[in-house]
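The values are calculated or read from the model by the stated rules, or taken from the named source; none is laboratory data. It should be emphasised that the depicted structure is a prediction, and the values quoted were computed from it without experimental measurement. Heads up, the Cβs are rebuilt from the backbone with ideal geometry, glycines too, and the neighbour counts pull from every protein chain shown.
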Amino acid sequence: MCGFIQGMSRVNHQDLGQLNGPIVLFGGPYSNLQALEALFERARALGVGPERMICTGDVVAYCADAFAVSERMWSSGVPVVAGNCEKQLATRAKNCGCGFEDGSACDLLSVGWYGYASAQISDVQCRWMGQAPDIISFVNAGKRYAVIHGGHHDIARFIWPVSSEAVFDEEWQAVERSIGPIDKIIAGHCGVPFERQTPRGAWINAGVIGMPPNDGAPQTRFAVLDTGRVTFHTLDYDHVGAASAMEQTGLTQGYHSALLTGYWPSEDVLPPELRCAALASG
């Protein structure tokens, strides 16, 4: 069910109702077809169908198969909350709207992959992306969950496990102004999986399947919600094939290497305490 709740802020809200059993949560397929197919295989092994899978957005981004990944996601029927990439591509905007600082390495790198993705996807796929909800809600094990991309009103807001308590509180209030009381929030965008306990409830980032979390290994991440408990899982997939596909299409600005090494081509976007040098020093 999509629509607006009387008395609340007007957002495109999809209410999935009651979801029973385990739910597969994932973000950022990022045009990585090999990773997406591996995720569907893992979900089938867990006995989870598309109706109990939820994507936190950015179906299309860095990798080689924007058209095929969009088609696969669309045809699967998996609920997808709008990410910044969906918003920008739906309007044929000139940039990804990722929230990168102007002139940063991440900003400059985005020019190549976003232009390639925009040229690949069809007008029909753009319309599908334009219909994605701003927020999804559902009930599981007696708790009401909200699913957003980055921040609620700033879709490209980076929220990290080390973000201040005030950031989480501000976002929680914004979500509840839009759809009413919730117990937990599921988000994406930053590319790092985590669960942060806040005074209002748990903030869960499922991570992304299309790019490793800058930890030096090629495996990516997804999460499973089951009876109120979240577990994080590594996703093995044909990362060599995914990197090769990027090379064959000329997407060699650095993210192709990240699929192999597990390290992002730039850490500009990361808070200093989450950069590799800081983590290595403890």
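Scoring Glu101 on the criteria (1) among the acidic types (Asp, Glu); (2) more than 20 Å from Gln34 (Cα to Cα); (3) modelled with pLDDT of 95 or more leaves a single failure, condition (3). When the residues of the range 116-159 are filtered to those that are among the aromatic types (Phe, Trp, Tyr), over 13 Å from the mean Cα position of the chain (by Cα) and closer than 28 Å to Leu270 by Cβ, which remaining residue is surrounded by the fewest Cβ atoms within 10 Å (Cβ to Cβ)? Among residues in the range 116-159 that are among the aromatic types (Phe, Trp, Tyr), over 13 Å from the mean Cα position of the chain (by Cα) and closer than 28 Å to Leu270 by Cβ, the one surrounded by the fewest Cβ atoms within 10 Å (Cβ to Cβ) is Tyr116. For the range 230-273, name all the residues that are crowded, with 18+ Cβ neighbours inside 10 Å, hydrophobic (A, V, I, L, M, F, W, C) and more than 18 Å from the chain's Cα centre (by Cα). Selection gives Ala242, Ala243, Ala245, Met246, Leu251.
In the range 96-112, the count of residues that are crowded, with 20+ Cβ neighbours inside 10 Å and without any contact (Cβ under 8 Å) to a residue 40 or more places away in the chain is one or more.
For Phe40, the test of being of a type in the set (Phe, Trp, Tyr), at pLDDT 95 or above and out of contact with any strand residue (DSSP E or B) (no Cβ under 7 Å at 6 or more places or on another chain) is passed. Out of all the residues in the range 197-232, which are touching a Lys or Arg at 6+ places or on another chain (Cβ under 7 Å) and not hydrophobic (A, V, I, L, M, F, W, C)? Result: Gly201, Gly207, Pro213, Gly228.
Set side by side, the residues Pro199, Pro181, Pro212 differ, and just one is crowded, with 21+ Cβ neighbours inside 10 Å and not hydroxyl-bearing (Ser, Thr, Tyr), which is Pro212. Restricting Ser137, Ser118, Ser178 to residues that are of a type outside the set (Val, Ile, Thr) and over 18 Å from His13 (Cα atoms) narrows the list to Ser118. Restricting the range 145-163 to residues that are touching a Phe, Trp or Tyr at 6+ places or on another chain (Cβ under 7 Å) and part of a loop (DSSP other than H, G, I, E, B) leaves a set whose member that is nearest to Cys96 (Cα to Cα) is Gly150.
Of all residues being at negative phi, in contact with an Asp or Glu (Cβ under 8 Å, 6 or more places away or on another chain) and of a type in the set (D, E, K, R) in the range 43-90, which is modelled with the highest pLDDT? Just the residue, please. That would be Arg72. In the range 79-87 there is at least one residue that is among the small types (Gly, Ala, Ser) and crowded, with 19+ Cβ neighbours inside 10 Å.
Only one entry in Ala166, Ala202 is assigned to a helix (DSSP H, G or I), farther than 21 Å from Arg10 by Cα, at pLDDT 95 or above and not acidic (Asp, Glu), namely Ala166.
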